[in-house]
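Reading through the structure tokens given below for one structure.
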Amino acid sequence: MILAGDIGGTNTRLARSAPDAAGRLRLEDAASYASREHAGLEEIVLRFRREHPGPIAAASFGVAGPVRDGVVRTTNLPWVIEASRVAALLGLPAVGLLNDLEANAWGLPALGPEDLLILAPGSPGAGGNSAIIAAGTGLGEAGLFWDGHRHHPFATEGGHADFAPRDETEDGLLRWLRARFGRVSWERVVSGPGLVNIYTYLSERGDRPEDAVLSEAMRRGDPAAAITRAATEGRSPLAAAALELFISAYGAEAGNLALVTMATGGLYIGGGIAPRIATRLAQGGFMERFTDKGRMRPLMESIPVRVVLNDQTALLGAARHAAAGMGA
């Protein structure tokens, strides 16, 4: 049995995994824990093992943050995760520790057609490198290098590259963000907190009235989710404008990632936000900014673009990573 983990700034999800009769890995006993309610991954692993005892032969964990020498200081949590300490806790000689988007990349081969929404089919028979981008608590990006026979996932920290505005509205957003944060990365714009930043910026510009009901919902719960609901339900012109700018920026940075990795085999959009706004992503603004790369437009139009609908992709990827380490 394999233990797989997906550790994010909001939730930590763990599951056990074993192959089915066809040899495909399946997930069992999946559980989700609020990350900030725990002191670290080891505490959550111990809790999961108490709730789901049994032998574990291997384990891998996808973590939101850069992994170096088996250690990761999480980007959006005050945690330091050491592979050696988690391995000792599980009684294993070693465990896998990989970036969360790298784990998502490992999970892509486990998905079926029902797990994907096609935004652009790309050229027939498109192949080569692929890439995945995912906005959630932060902005993650990873690539998949094609060696002529199979894909090799690799991590990046591209979400922390410099934000590049494309028009006067985004120029103003950059100045507004710089006044608050100093340096401005793409993650300040394309993420859940980034959507809140965009909404607040547009509200302070005063172009559209702020909705009192939405403001109260933002104070009481997840502000990014409240903005998204108000926009998709047509209850707030300000929220709709914020979501439109967010989607435009998302498409621009997804296109940047596809260019940097030469992702002719496909660009995947993962994370928790994309499935909730899939209808809006398919309406054209995302793809227009994705393909709007000057002389590279024909190349961009040849790239397949898909939204990942399966929220267990990172867990599946962590399980596949651990299985590969076992020689499975």
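Okay, residues lined up against (1) of a type in the set (A, V, I, L, M); (2) without any contact (Cβ under 8 Å) to a residue 24 or more places away in the chain; (3) not in a loop (DSSP other than H, G, I, E, B):
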site: Leu195; (1), (2), (3): yes, no, yes
site: Ile198; (1), (2), (3): yes, no, yes
site: Glu210; (1), (2), (3): no, no, no
site: Val213; (1), (2), (3): yes, yes, yes
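Which of the residues that make up segment 278-304 are open to solvent by less than 60 Å² (accessible area, probe 1.4 Å) and of a type in the set (A, V, I, L, M)? Before the answer, list the steps.
Here is the first cut: in segment 278-304, the ones open to solvent by less than 60 Å² (accessible area, probe 1.4 Å) are 278, 281, 284-287, 289-294, 299-300, 302-304.
Residues satisfying the conditions are Ala278, Leu281, Met287, Leu299, Met300, Ile303.
One line per residue, one yes/no per condition, for (1) in contact (Cβ under 8 Å) with a residue 60 or more places away in the chain; (2) closer than 18 Å to Ala18 by Cα; (3) among the β-branched types (Val, Ile, Thr); (4) in a strand (DSSP E or B):
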site: Leu77; (1), (2), (3), (4): yes, no, no, no
site: Ile81; (1), (2), (3), (4): yes, no, yes, yes
site: Val86; (1), (2), (3), (4): no, no, yes, no
site: Leu101; (1), (2), (3), (4): yes, no, no, no
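Strands (runs of 3 or more DSSP E) wholly in segment 7-75 with at least 2 residues that are open to solvent by 20 Å² or more (accessible area, probe 1.4 Å) and at pLDDT below 95 - which ones?
Once the strands (runs of 3 or more DSSP E) in segment 7-75 are filtered for at least 2 residues that are open to solvent by 20 Å² or more (accessible area, probe 1.4 Å) and at pLDDT below 95, what remains is 11-19, 25-34.
Going through Gly234, Gly271 one at a time, which residue ends up being on the phi > 0 side of the Ramachandran plot, modelled with pLDDT under 95 and buried (at least 19 other Cβ atoms within 10 Å of the Cβ)?
Answer to the check: Gly271.
Specify the residue that is farthest from Ala258 (Cα to Cα); the eligible residues are those in segment 305-325 that are among the charged types (D, E, K, R) and crowded, with 22+ Cβ neighbours inside 10 Å. Reasoning before the result, please.
In the first step, residues of segment 305-325 are kept if they are among the charged types (D, E, K, R); the result is 306, 311, 320.
Still in the running and crowded, with 22+ Cβ neighbours inside 10 Å: 306, 320.
Working: Arg306: 13, Arg320: 24 Å.
Once the filter is applied, the top-ranked residue is Arg320.
One line per residue, one yes/no per condition, for (1) in a helix (DSSP H, G or I); (2) at pLDDT 95 or above:
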| residue | (1), (2) |
| --- | --- |
| Ala239 | yes, yes |
| Val260 | yes, yes |
| Leu267 | no, yes |
| Gln283 | no, no |
| Leu316 | yes, yes |
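The values are calculated or read from the model by the stated rules, or taken from the named source; none is laboratory data. Keep in mind it's a predicted model, so treat the numbers as computed, not measured. Glycine gets a Cβ as well: all are built from the backbone with ideal geometry, and neighbour counts include every protein chain shown. Keep in mind that these areas ignore ligands, DNA and RNA; they rest on the heavy atoms of the full protein, side chains included. Shrake-Rupley method; radii C 1.70, N 1.55, O 1.52, S 1.80 Å.
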